[in-house]
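As C-alpha cells, the structure follows; a few thoughts come after it.
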Amino acid sequence: MDFRFSQEVNPSTYKTDGLADGIPVRVHRDFHKAFQRALQAQQDWSSHVRPLSGYQGGLGNKFSLMSVAMPECLPERLEIMSYANEFAFLYDDAMEAHLDGHNTQDPGPKHKSFFNMFRDGVMDRPNDSNWRPEKHLQARVWNEMMAIDRPRAIKALAGWAISVDVGSEYRARTNFKSLEDYIPTRVIDFGERTWYGALTFGMALSIPPVEFGDCMNLARPGYVALALINDLYSWEKERNAAKAAGEDFVFNAIWVIMQERSRDKGTGLLPEDAEAEAIATCRAEIKKYVREYHTTVDHVFHDPTLSKDLKAYLEAVLLMISGTLVWSIYCPRYNSKPQDSQHQSEMS
Ligand SMILES: [Mg+2]
C-alpha cells in the first residue's frame, strides 16, 4: 500500500518486548486530532452517562491507540474512528462492570437488554427519548459515520453487532480445555469483525464479496496475535479485577494456559511459577502468530490474483499489530506504574 497519511516512528524511541518481528510502527499525521476526539468521547460519556475519574481508555503517551492502530485511516475519518473506538472502550468497561458479580452462564434479562442496545437498529429509527444515554451517544457516532459513507457505516455497525453479540455468548464459556480451544472464541470476542468494519470504513476499502472468506482466513493469525497481545498486557488488570470480584475464572489466555499446562494432576493445585510460565508461553505464542502473519502478508503482496484493497486491508492489520503492541506496552490503561524515563522524555 502507498503510505499517504502516516510516517514511520523512529524505532529507537519505543520498545516492542521482542514481539513485533521487525514490523515498523507508523503514526497518523493527525494524531493530535485522534487524541482530542478520544478525549471528547470521555467527556461526553462523563456528562451524559456517568462521571469518569482517572479513566484512560485509548489515550497513550503522545499517541492514542487509533493513530497507531490505523495509521493510514483517511484523515477526514480518523476523528470519528477515534471517537467510536473510545466509545467501545467505555462500553466494554461498562459491560465488564455490569458482569461483575454475575455468574455469566445465564446473563439474565437485565444483561440481555444491555446488549439489545446494540442489536436494535439505531439507523432505522429516529432518536427515542426513552433511550439510555449510551444509546444517544452511539446514535451520534453512527449518524456521523453514515453521513460520511453510508454503505461502509452499515457494514461497520453489522460487524460491531456480531462481535458484541456473539462475543458475549461465547464469553459466557469458562471451561476452555486448551489454548487451541480458547483462541477461536477469543478472536471473535476481540472483535475481528469490528476491526474489519473499522478498517474498511476508515480506509474506504472495498473488498469484493467473493474474497471475503479468503480475507477472514488470511487475516486470522493476525487477529490471534492481536488478541494474545491484548491478553498479555491486560493480564494484570484483568486478574486483579477478577480477584476483586471473587471470580474463579479470568477470560484471558494466560489463565487458560495456567489451567491447561500447570495444574498438578494429583492435587489440582497450581505450582508457584505457573503464572510466570504461562506468561512466557503466551509471549512465545504471540511471536509465532506475528511471524506467521508477517510471512502471510509478504506472500500476499506478490499474489496477482488478489485485489488491491484486500492487500491493503491485510497490510493494515499488520500495522495494527505493531501499533497496538507499542500502545499496549506504554498506555496508562494497562500500566499504572511509571514508564521508563527515556520513553517519557521522547514520547510524552
Ligand atoms: Mg483484555
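The values are calculated or read from the model by the stated rules, or taken from the named source; none is laboratory data. In this text, all values refer to a predicted model and were calculated from it rather than measured experimentally. FYI the Cβ positions are ideal-geometry reconstructions off the backbone, even for glycines, and counts take in every protein chain you see.
Structure values in brief
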item	result
The lone exception for Met203 - which of (1) more than 22 Å from Leu19 (Cβ to Cβ); (2) surrounded by fewer than 18 Cβ atoms within 10 Å (Cβ to Cβ) it fails	(2)
Residues satisfying the stated conditions in region 235-244, i.e. surrounded by fewer than 18 Cβ atoms within 10 Å (Cβ to Cβ) and near the ligand (Cβ under 8 Å from one of its atoms)	Lys237
Leu325 vs. criteria at pLDDT 95 or above, under 23 Å from Met203 (Cα atoms), away from the ligand (no atom under 16 Å from the Cβ) and assigned to a helix (DSSP H, G or I)	no
Within region 174-214, considering residues that are over 27 Å from Pro75 (Cβ atoms) and β-branched (Val, Ile, Thr), the one modelled with the lowest pLDDT	Thr174
Top-ranked residue of region 215-227 - restricted to ones that are of a type in the set (Gly, Ala, Ser) and under 12 Å from Cys282 (Cα atoms), ranked as farthest from the ligand (Cβ to nearest atom)	Ala225
Wholly within region 83-173, helices (runs of 4 or more DSSP H) carrying at least 2 residues that are at pLDDT 75 or above	133-148, 150-171
Answer from Glu285, Glu247 - the residue that is in a loop (DSSP other than H, G, I, E, B), within 16 Å of the ligand (Cβ to nearest atom) and among the acidic types (Asp, Glu)	Glu247
Among the residues listed as Asn230, Asn252, the single one being within 9 Å of the ligand (Cβ to nearest atom), under 20 Å from Val326 (Cα atoms) and either surrounded by fewer than 22 Cβ atoms within 10 Å (Cβ to Cβ) or of a type in the set (Ser, Thr, Tyr) (or both)	Asn230
